[in-house]
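Down below is the structure, laid out as structure tokens.
The values are calculated or read from the model by the stated rules, or taken from the named source; none is laboratory data. Treat the numbers as computed from the prediction; the structure is a model and nothing was measured. Heads up, the Cβs are rebuilt from the backbone with ideal geometry, glycines too, and the neighbour counts pull from every protein chain shown. SASA here: full protein model, heavy atoms, side chains in, ligands and nucleic acids out. Shrake-Rupley method; radii C 1.70, N 1.55, O 1.52, S 1.80 Å.
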Amino acid sequence: MGKITRHPLLQRSDAIKRALSLNGFTFYDDGSSRELVETDSSVELFREPEELRSRQIITGDGSYSLRTRLLPVHLPLFPRVLPVKAAVAGRIYDGGDTQYPQRQRIEGVIADTGITLTDLQTLWNNIARNIYGIASSASIRSGESDTFSIEVSKDGSTFTLGHTGPATWIARSLMGISDPSVSVWIFAIDVDNAALHDLHLSHRRELYDNRLSFIGSLEDDTPAFGDSFTSRISDVMRSAGYVQYIGEAIYTSDAYVRMNMIQEAWDTNNKGVSLQEPLKGYSDPLTGETELTGLPTVLAPALERAMSDNFAAGERSIKIFDISHIFKPGKDGNAPWEVTSLSAGAYGPDVSFRSFLGEVTTILRKLGISNSFFIPTDMAIAYRQDQCMVILDEKMKYLDGNCGHISPVALKNFKIDCDGFMAQFEIPTLEKKAREEYGFIPWELR
């Protein structure tokens, strides 16, 4: 078995989550919560400093936008019994950054009677020591308008881990807290900035470098944080030798053409969610495109881009995967459809159509899905017509997954001069099937 790795940015995120968990915080989101929210639902929960503020990216008719904060939709769902220590983690978006609009963020709330700054100082000092070791420390420093920065000192340097402040009346209302003796503090941690400091990087583009020289540089066999099915997928993929990358979250207008998936007007199944206004100023080194125009309906274009980047860098063998969100417009005025998806790809002298199908089968079994079957199809134009499989269960029900040889047109467009293979799955369907098999009781034992 080759080395087991962890994406450096996600490893930093998990380290912070574990430290929060050790200090009594419960996490209520594994990253699968909706990223598209009603445009007017993103409200300020404490007086955020300028560096935490993001410009909304609005879609379609303006009713929905990509979230700029994590907590607003979660606060009403948190426990109403004091004390409360709750947190969420995931991706937020900033339309002001047209090259890398997505960011990893952790947000949380602390509520109890009589919380003092000394209490907060002690809490964040303990959290910092759990992240960075016993020689580190943290301090709470006053900023503008009741905002405090969380400053961490380690190895002779000091940097800002996050920000915190008293909750606004909106946040207190969402939590159902009206008693003035109850203190409510909100915090936000920009994981991207923390990772930049910890990894000694100078620009965020280095965090989103999908070449194996970066994403495979950190050997780490620690399980992904949490007990969700998504975390389980990450661990299974990593143990199978796949390296996690972070693909583009918003696509250019030609993304589907490059992967040989032509989106005709009649093809409502593959119709994407477009941005109300394109993000201008983007620079695509492969095609020269300068605008990001829509959200992904499938993760294949980002996968093929990552494979292309590695092939251009001289990598002659690679196995990579990503877990991200895909979107489709809502029907009859309903909210856009959104699910998490698994995307995996491989190429190299030891990878063939048959061996790749074998790996997919093994991965599914490790996820708890034994009853799956490959059925050939020549209807998926993103694949080579004679080497594409849809995946069904024992009841011939589609498992919202397919795999096979990448279309030769796509390989040419992405300048990958070898055979390449990919698999795409919708995670909720896999989780439902795994639970079904886990809970199955044979007829003779019923």
* **strands (runs of 3 or more DSSP E) completely within segment 350-446 that count 2 or more residues being open to solvent by 70 Å² or more (accessible area, probe 1.4 Å)** => 372-376, 383-393
* Conditions (1) among the polar types (S, T, N, Q); (2) within 24 Å of residue 342 (Cβ to Cβ); (3) crowded, with 19+ Cβ neighbours inside 10 Å; (4) touching a strand residue (DSSP E or B) at 6+ places or on another chain (Cβ under 7 Å); number of the one not met by residue 65 -> (2)
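Mind counting the residues in segment 352-388 that are polar (S, T, N, Q) and under 23 Å from the mean Cα position of the chain (by Cα)? Step through it out loud before you land on a result.
Taking segment 352-388 first, the residues polar (S, T, N, Q) are 352, 355, 361-362, 370-372, 377, 385, 387.
After this cut, where a residue has to be under 23 Å from the mean Cα position of the chain (by Cα) as well, the list is none.
Of the residues in that region, 0 qualify.
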* Structure fact -> Checking 174, 207, 196 in turn, the sole residue that is open to solvent by 20 Å² or more (accessible area, probe 1.4 Å) and within 22 Å of residue 132 (Cβ to Cβ) turns out to be 196
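Count, please, the residues in segment 317-349 that happen to be more than 22 Å from residue 427 (Cβ to Cβ), open to solvent by 40 Å² or more (accessible area, probe 1.4 Å) and at pLDDT 95 or above. Full working, then the answer.
Taking segment 317-349 and keeping what is more than 22 Å from residue 427 (Cβ to Cβ), we get 317-318, 332-333, 347-349.
Still in the list and also open to solvent by 40 Å² or more (accessible area, probe 1.4 Å): 317, 332-333, 349.
Cutting the leftovers down to at pLDDT 95 or above gives us 317, 349.
Residues that pass the stated criteria total 2.
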* Asked: What's the number of the condition residue 202 fails, among (1) in a loop (DSSP other than H, G, I, E, B); (2) under 22 Å from the mean Cα position of the chain (by Cα); (3) of a type in the set (Ser, Thr, Tyr)?
  -> (2)
* Would you please list the contacts, defined by Cβ atoms under 8 Å and residues six or more apart or on different chains, that run from a residue in segment 216-227 that is closer than 15 Å to residue 242 by Cβ and part of a loop (DSSP other than H, G, I, E, B) to a residue that is aliphatic (A, V, I, L, M) and open to solvent by less than 50 Å² (accessible area, probe 1.4 Å)? => 216/243; 220/4; 221/4; 224/10
* Looking at segment 312-351, which of its residues are hydrophobic (A, V, I, L, M, F, W, C) and under 24 Å from the mean Cα position of the chain (by Cα)? -> 318, 320, 321, 323, 326, 327, 335, 337, 339, 342, 344, 346
* If you scan segment 121-145, which residues turn out to be part of a helix (DSSP H, G or I) and among the aliphatic types (A, V, I, L, M)? -> 123, 127, 128, 131
* Structure fact -> Expected output for segment 124-146 (first residue exposed (fewer than 15 other Cβ atoms within 10 Å of the Cβ), partner among the acidic types (Asp, Glu) and modelled with pLDDT of 95 or more, Cβ below 7 Å, 6+ apart or cross-chain) is 141/151
* Asked: Out of 105, 91, 80, which single residue is outside any strand (DSSP E or B) and either within 20 Å of residue 48 (Cα to Cα) or of a type in the set (Lys, Arg) (or both)?
  -> 80
* In segment 232-257, what count of residues is obtained for those that are at pLDDT below 95 and under 15 Å from residue 14 (Cβ atoms)? -> 0
* On the given criteria, is residue 106 of a type in the set (A, V, I, L, M, F, W, C), surrounded by 19 or more Cβ atoms within 10 Å (Cβ to Cβ) and either farther than 17 Å from residue 194 by Cβ or in contact with a Phe, Trp or Tyr (Cβ under 6 Å, 6 or more places away or on another chain) (or both)? -> no
* Asked: What pairs come up if the first residue lies in segment 312-338 and is aliphatic (A, V, I, L, M), the second is open to solvent by 60 Å² or more (accessible area, probe 1.4 Å), and their beta carbons are under 6 Å apart, counting only those six or more places apart or on different chains?
  -> 313/211
* To do: Give me the pairs, please: first residue somewhere in segment 356-372 and over 22 Å from residue 387 (Cα atoms), second residue anywhere and among the β-branched types (Val, Ile, Thr), beta-carbon distance under 8 Å, and either six or more positions apart or on two chains.
  => 366/236; 367/233; 367/236
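Kindly indicate whether any position in segment 24-46 is charged (D, E, K, R), open to solvent by 20 Å² or more (accessible area, probe 1.4 Å), farther than 30 Å from residue 212 by Cα and assigned to a loop (DSSP other than H, G, I, E, B). Walk me through it before giving the result.
So in segment 24-46, the residues charged (D, E, K, R) come out as 29-30, 34-35, 38, 40, 44.
The next check asks that each one be open to solvent by 20 Å² or more (accessible area, probe 1.4 Å); those that pass are 30, 34, 38, 40, 44.
Now drop any that are not farther than 30 Å from residue 212 by Cα, which leaves 38, 40, 44.
Of the ones still in play, those that are also assigned to a loop (DSSP other than H, G, I, E, B) are 44.
Yes: one or more hits.
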* Asked: Does segment 280-297 hold any residues that are open to solvent by less than 10 Å² (accessible area, probe 1.4 Å) and either out of contact with any strand residue (DSSP E or B) (no Cβ under 8 Å at 6 or more places or on another chain) or more than 19 Å from residue 325 (Cα to Cα) (or both), and which are they?
  -> 284
